[in-house]
Amino acid sequence: MLSPRTYRRITLVALLSLAFIIVTGGAVRLTGSGLGCPDWPNCDDGRLVAPLQYHALVEFVNRTVTGLVSVAVIVAVLGSLVRRPRRRDLVWLSLGLVGGVVGQIVLGGLTVLFELRPPFVMAHFLLSMLILANAVVLHWRAGGAPASSLQLPADPAPSPQLGHDLRRFGTLIVATAALVVFLGTVVTAAGPHGGDEEVVRLDVPLHRAAQLHGVGAMLLLAMVVTMVVLLSRTSSPEHVRRRAQLLLAVVLAQAGIGYLQYFTGVPVVLVGAHIAGATLLWATVVRFKLGLGGAAAVEHKAAAESRPEGVGVAVNAAP
């Protein structure tokens, strides 16, 4: 038997470990150690363990961390099975983590075997972001009721606090953030930090890719500022406004790091901070969107409970 509180802590460990492996993967590339272990699954020449060489050890440590992350994910799956009460949505979300990690292992091997070709590196990072979003949703739902548990009256009226337009705007913010992350991988693939000095870079003008990425970042910033203003002008829940303000702070910090690294010649330290910032930004924007849906669900549930003769129908909304 596993209590909901304990299981939520397990999902938090899985979430943090998945975020950590994204940052360590970036460190492998920034130190030029992407081909430190040029074979897969062995490191080199039939050796599973890396020789006492800097680049080989950096890459091998990252592979070891991947193994530890796999353990955290497996524990999350097992926890979803013994959690009481058991919930199907948590089981499927935890299995999604397993599928994602397995896909990452395979894609990581292909990335090494194809000598860090940019499309593989880009796909490797983007898949990491998808897995991270899965982990954020799992942790969020582990702390509340199942998605199908809220009983609403038929044809509920729009929420007076969080209307449909605001929630759609939140979805648009997530889509814009995803676009900015993708454009960031294009900049990285065309930039100087490819994981190895001999790696072929993406054949696109670096300054054009960086400009497009910057435009996307400014668009995201403008959208988040607009969301903060709109929420401040409504009677939205305080926790929703706080999450919007946190998202704004993260976007501002990430944009600042991005422009600073661009105008200072993309130093390794700032690039590493930008990778960590992208990870934090993506997790924050997904959590903010979940909070919008959760606030609306709570409001609708309260409205339903205030109607003594309401006819209950299930709605699929995240807690």
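The values are calculated or read from the model by the stated rules, or taken from the named source; none is laboratory data. Please read all numbers here as calculations on a predicted model, not as lab measurements. Ideal geometry is used to build each Cβ from the backbone, glycine not excepted, and the neighbour counts take in all protein chains shown.
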Worksheet item: Of the residues that sit in segment 223-272 and are part of a helix (DSSP H, G or I) and in contact with a His (Cβ under 8 Å, 6 or more places away or on another chain), which one is surrounded by the fewest Cβ atoms within 10 Å (Cβ to Cβ)?
Response: Val268
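Can we say Ile275 is touching a residue at least 60 places away in the same chain (Cβ under 8 Å), out of contact with any strand residue (DSSP E or B) (no Cβ under 9 Å at 6 or more places or on another chain) and either surrounded by fewer than 18 Cβ atoms within 10 Å (Cβ to Cβ) or of a type in the set (A, V, I, L, M) (or both)?
On the way: touching a residue at least 60 places away in the same chain (Cβ under 8 Å): yes; out of contact with any strand residue (DSSP E or B) (no Cβ under 9 Å at 6 or more places or on another chain): yes; either surrounded by fewer than 18 Cβ atoms within 10 Å (Cβ to Cβ) or of a type in the set (A, V, I, L, M) (or both): yes.
Here the answer is yes, as Ile275 does meet what is asked.
Could you pull out the residue among Leu172, Leu179, Leu219 that is in contact with a Ser or Thr (Cβ under 8 Å, 6 or more places away or on another chain), assigned to a helix (DSSP H, G or I) and at pLDDT 95 or above?
When all the criteria are applied, what remains is Leu219.
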Discussion item. Among the listed residues Gly32, Gly96, Gly79, Gly103, identify the single one that is touching a Phe, Trp or Tyr at 6+ places or on another chain (Cβ under 9 Å), of a type outside the set (A, V, I, L, M) and surrounded by 15 or more Cβ atoms within 10 Å (Cβ to Cβ).
Written reply: Gly79
Discussion item. When the residues of segment 1-29 are narrowed to those that are farther than 16 Å from Leu132 by Cα and small (Gly, Ala, Ser), which ends up surrounded by the fewest Cβ atoms within 10 Å (Cβ to Cβ)?
Written reply: Ser3
Fill in: Residue pairs meeting the criteria (Cβ under 8 Å; at least 6 apart or on separate chains; first outside the structural domain of Leu116 (by TED's automatic domain parsing), in segment 59-83; second in a helix (DSSP H, G or I) and of a type outside the set (Phe, Trp, Tyr))
none
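Specify which of the listed residues (Leu95, Leu110) is over 19 Å from the mean Cα position of the chain (by Cα) and either of a type outside the set (S, T, N, Q) or under 21 Å from Val186 (Cβ atoms) (or both).
Working: Leu95 fails: over 19 Å from the mean Cα position of the chain (by Cα).
That would be Leu110, the only listed residue that is over 19 Å from the mean Cα position of the chain (by Cα) and either of a type outside the set (S, T, N, Q) or under 21 Å from Val186 (Cβ atoms) (or both).
If you check Leu107 against the conditions, is it outside the structural domain of Val240 (by TED's automatic domain parsing), assigned to a helix (DSSP H, G or I) and at pLDDT 95 or above? Give the derivation first.
Working: outside the structural domain of Val240 (by TED's automatic domain parsing): yes; assigned to a helix (DSSP H, G or I): yes; at pLDDT 95 or above: no.
Answer is no for this residue.
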